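This report refers to the structure that appears directly beneath it.
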Amino acid sequence: MPKVFKTIEQHVLNQLRNDILSGHYRPGDKLRQDEVAKRFEVSTTPVREAFRGLRSEGLVSIDANKGVVVKGLTVDDVAEIYELRIALEPLLAKKAVRSITPESLKKAQDIHALMCATTDPHQWSALNREFHLRLMLSEESSRLYDMVKNLLVIAEPYVSLSIFIHPQIQQADNDEHAMILEGFEKKDGRLVQKIVKQHLAQTLAAIQDSVKENDLQALGEIA
């Protein structure tokens, strides 16, 4: 696929994602392909692909009759996602400590440095996904890796929302990521397993608070 096309698609996807997370679009709103294409002054092809990206992230539903409809981020959804992550990801991280390559560890350190330097919620949440996956990449041939990877993709919009509402969460997460990196550097699988589990539990609590606050804000605007 041409690089220029992918760049346009990614631009549209990023903007629509930010619009949904910032409340510009509300749950139940319809996104019309021609209107979005006109807004961004692009053809409908990258818009259609961007819609598919939003669906894979759980931000919209696509139905033959209803079209593209914005979905709400719910406390029940995020609880289910993170309960699964808490059950699976610490185990995968523990396994990865034994098999991680020096190159992957260095890449994860570089990603962490970028996360500490950015203040953009979406950029940070995208880097967050890459950080966790890079640390566990040595286990990519396993079913466990595939399951955790899918959960990380689904969780990303919730992470973005929490940063939008509470920017201070970034610093706490950056500190916890530094602890995870230290565990990998020490080759201490049990320590990494423990820290990752604590990190995910704390992240879940922060995201649940953000989703509830976002819902209250929406109700206030409607009232």
Mind ranking 66-72, 197-203, 158-164 by how tightly packed they are, going by the mean number of other C-beta atoms within 10 angstrom, highest first? 158-164, 197-203, 66-72
Placed amide H near residue 60: partners under 5 Å, 5+ positions off or other chain: 55, 71
If R0 = 22 Å, then residue 69 and residue 147, at their Cβ-Cβ distance, give a FRET efficiency to the nearest 0.05 of 0.20
Leaving ligands, DNA and RNA out of it, report the carbon-plus-sulfur percent of the accessible area of the range 149-211 at a 1.4 Å probe. 53
Among 102, 203, 172, the residue whose Cα sits farthest towards the positive end of the charge dipole of the range 95-223, when +1 is placed on the Cβ of each Lys and Arg and -1 on the Cβ of each Asp and Glu, is 102
Taking the Cα centre of the range 70-175 as origin and charging only Cβ (+1 Lys, Arg; -1 Asp, Glu), how large is the dipole, in debye to the nearest 20? 340
Please report the spacing between the Cα centers of the range 21-73 and the range 165-186 in Å, no decimals. 32
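Which whole-number percent is the relative contact order of the chain (Cα, under 8 Å, 6+ apart)? Walk me through the numbers on the way to the answer.
Details: 249 pairs, mean separation 52.4, N = 223.
24 percent.
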In the set (1) 27; (2) 33; (3) 23, which value of percent of Cα pairs over 30 Å apart was calculated from the structure you see? (1)
Step through the table entries 30/71; 30/149; 107/187; 149/186; 106/194, compare each Cα-Cα distance with 18 Å, and write down the pairs that go over it. 30/149; 149/186; 106/194
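Could I get the Rg over Rh figure for the range 33-126? Both from C-alpha atoms, Rh via Kirkwood, rounded to two places. Write down the numbers at each step before the final one.
Working: Rg = 18.6 Å, Rh = 17.0 Å.
Value, to two decimals: 1.09.
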For the range 1-141: accessible area per residue (Å², 1.4 Å): 53
Efficiency of FRET between residue 212 and residue 87 - r from beta-carbon atoms, R0 25 angstrom, step 0.05: 0.60
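The values are calculated or read from the model by the stated rules, or taken from the named source; none is laboratory data. Everything numeric in this text was worked out from a predicted model, so none of it was measured. Here the Cβ is made from the backbone with ideal geometry for all residues, glycine too, and neighbour counts use every protein chain on show. Protein only, heavy atoms only, side chains kept; ligands, DNA and RNA dropped before computing areas. Shrake-Rupley method; radii C 1.70, N 1.55, O 1.52, S 1.80 Å.
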